[in-house]
C-alpha cells in the first residue's frame with residue numbers, strides 16, 4: 001500500500017501543482033491513500049474529496065497549521081501541526097482560516113515594504129502594488145514568502161530561492177498569525193479531526209530543532225507541553241533519518257499516539273509517494 005499524508009498544492013498554498021495535478025500524479029504513481037495538507041488553507045479540500053472519488057484513491061481531509069509554540073524557559077518558536085479527518089464545512093475552522101489568510105495578505109504587503117527599504121540601500125528599484133498583483137496572479141492559494149522569492153528571481157534580483165531568503169526574506173520577515181497550540185487543537189478536534197505534530201526533527205524546516213537537536217530532549221518537551229493537545233506525531237518524513245523515525249515510533253507507542261507520515265511534497269521536485277510508510281498508518285484512519 002502506498003501512502004502519502006503530507007502534500008501541498010498551488011490551489012491552497014505553495015505547491016507547484018494544482019490539486020488536479022496532484023491527483024493525476026498520485027494516480028500515475030499508484031498511491032492508495034493521500035491527504036492534501038496545504039498551509040493554513042482548506043481551499044482545495046472539497047475538490048480533493050471529489051477527485052479522490054473519481055480516481056479511486058482513498059482520501060483523508062488535511063491541513064497544515066503554523067503554530068506559535070512557547071514554554072517556560074524555552075522561548076518561542078514556530079511549529080507546524082497537521083490536522084486530519086475533520087469536517088471541511090466546520091464554521092469555526094473556516095472562519096479562523098479566513099482570518100489567517102487575510103493576515104497572510106497583510107503580512108505580504110509589510111514584507112514588501114521591508115524589502116523596499118533594503119532595496120533602497122542598494123539602489124534597486126522598489127516593488128509596487130503592480131508587482132504585488134503580478135505575484136498574486138500566479139498564486140491560487142495564499143501568498144507566502146516562497147512566492148515572493150520566485151518573483152525576485154523573475155525580476156533578476158536574486159538567482160534562486162535560497163539567495164532570496166538568505167539575502168532578504170529572513171531579514172525582512174513579518175510575524176505570522178499568532179495561533180497557539182491549544183487553539184489549533186480545539187479547532188481541529190471540534191471539527192471532528194485529529195491533530196498531529198509535523199516533522200518534529202526536520203533539519204531544514206519548522207521543527208523542534210529550533211529548540212534542541214537532541215531527540216530525547218525533543219520528546220521530553222512534547223511530553224511536558226504538548227501531550228494534552230495532540231493526537232499523534234508525523235514519524236515518517238522525506239527528511240527524516242532512520243534514527244528520527246525509530247525514536248518517534250517508540251515515543252508514539254509509549255503514549256498511544258497516532259503515527260503518520262508523508263513526503264511533504266511541494267512538487268519541486270516531485271517526491272510524491274516516495275516515503276516508505278507502513279500499511280497500519282492507513283488502518284488508524286480507516287478503522
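Listed values, structure above:
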quantity	calculated
Helices (runs of 4 or more DSSP H) wholly inside region 156-269 containing at least 2 residues that are without any contact (Cβ under 8 Å) to a residue 12 or more places away in the chain and not assigned by TED's automatic domain parsing to the domain that holds residue 39	161-164
When residues of region 2-23 are limited to those that are modelled with pLDDT of 95 or more and surrounded by fewer than 18 Cβ atoms within 10 Å (Cβ to Cβ), the one farthest from residue 273 (Cα to Cα)	20
Test: residue in region 245-261 that is buried (at least 18 other Cβ atoms within 10 Å of the Cβ) and on the phi > 0 side of the Ramachandran plot	no
Residue that is surrounded by the most Cβ atoms within 10 Å (Cβ to Cβ), among those in region 37-76 that are within 21 Å of residue 212 (Cα to Cα) and more than 15 Å from the chain's Cα centre (by Cα)	69
Yes/no for residue 26 being assigned by TED's automatic domain parsing to the domain that holds residue 198, surrounded by 24 or more Cβ atoms within 10 Å (Cβ to Cβ), assigned to a helix (DSSP H, G or I) and over 18 Å from the mean Cα position of the chain (by Cα)	yes
Subset of region 89-135 (residues that are surrounded by 12 or more Cβ atoms within 10 Å (Cβ to Cβ) and in a loop (DSSP other than H, G, I, E, B))	90, 124, 126, 127
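Residue-by-condition table, conditions (1) closer than 29 Å to residue 264 by Cβ; (2) not assigned by TED's automatic domain parsing to the domain that holds residue 35:
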position: 88; (1), (2): yes, no
position: 101; (1), (2): yes, yes
position: 111; (1), (2): yes, yes
position: 120; (1), (2): no, yes
position: 134; (1), (2): yes, yes
position: 137; (1), (2): yes, yes
position: 147; (1), (2): yes, yes
position: 153; (1), (2): yes, yes
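The values are calculated or read from the model by the stated rules, or taken from the named source; none is laboratory data. Given the structure is predicted, the values throughout are model-derived calculations rather than measurements. Note that we place each Cβ from the backbone using ideal geometry, even for glycine, and neighbour counts take in every protein chain shown.
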